[in-house]
Amino acid sequence: MKKLTGYFLQGLLYIAPISLTIYVIYWLFVFTDNLLQSFFKDVLGISIPGLGVLVIIIGLILLGLIGETIIAKPFKLLLSNVIYKIPILKLIYSSTKDFFSAFVGKEKKFNKPVKVRLNKNDQILRIGFLTNENLKGLQAEDYVAVYFPFSYTFTGETFLVPKDLVEPMDITPTEAIKFLMSGGVVEIESKQSAGN
């Protein structure tokens, strides 16, 4: 009976991540597709699975193209004249914009994974991302800013850490974020063993 239970759990271990991934992709597809499906059915009288997703993708591409070429300059002027003059709007807009551009923008910020020793005498390390090496504006020239994501969530904390407690890691940012988001469950292959 113990062997059967072991095989069952092993099978569950193999199938659960794949099933969950497929389910999340399917749910996102259905949710996104349903956003426009009722419009197509009511107005145009057609119902084609996937059409809603296709229209949304094409719409976002066109919006990005138009925004980059035609709207960008006037929109930035409007933002600077309206949003940046209202403190609470400026805070919300700039924080959200900076957060998203840090992950998917042209100037990705989370691209330097580091290990941080919690203090000089301690053997405990935390993994994070070096986000700012110049903290003169905060009167902290001997410090750097390190962002520490929490596991199983998209939130985290930023600490100012003495430079001598920060050590660069020889892994990709993607490997680091997968390791952190999984709570350390994901196995990272070292570069040395990969080369052998």
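The values are calculated or read from the model by the stated rules, or taken from the named source; none is laboratory data. None of these values were measured; they are calculated from a predicted model. Don't worry about glycine lacking a Cβ; one is built from the backbone with ideal geometry, like all the others, and counts go over all protein chains shown.
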Taking segment 127-136 and keeping residues in contact with a strand residue (DSSP E or B) (Cβ under 6 Å, 6 or more places away or on another chain) and loosely packed, with under 15 Cβ neighbours inside 10 Å leaves GLU133
Would you please name the residue that is farthest from THR131 (Cα to Cα), looking only at residues in segment 149-187 that are surrounded by 15 or more Cβ atoms within 10 Å (Cβ to Cβ) and β-branched (Val, Ile, Thr)? ILE171
Restricted to segment 131-146 and to residues being modelled with pLDDT of 85 or more and assigned to a strand (DSSP E or B), the residue nearest to VAL186 (Cα to Cα) is VAL146
Looking at segment 168-181, can you tell me whether even one residue there is small (Gly, Ala, Ser), touching a helix residue (DSSP H, G or I) at 6+ places or on another chain (Cβ under 9 Å) and modelled with pLDDT under 85? no
Report yes if some residue within segment 118-126 is surrounded by 16 or more Cβ atoms within 10 Å (Cβ to Cβ) and not basic (Lys, Arg); otherwise report no. no
What tally of residues in segment 152-180 results from selecting those that are closer than 12 Å to ARG126 by Cα, under 17 Å from the mean Cα position of the chain (by Cα) and either among the small types (Gly, Ala, Ser) or in a loop (DSSP other than H, G, I, E, B) (or both)? 1
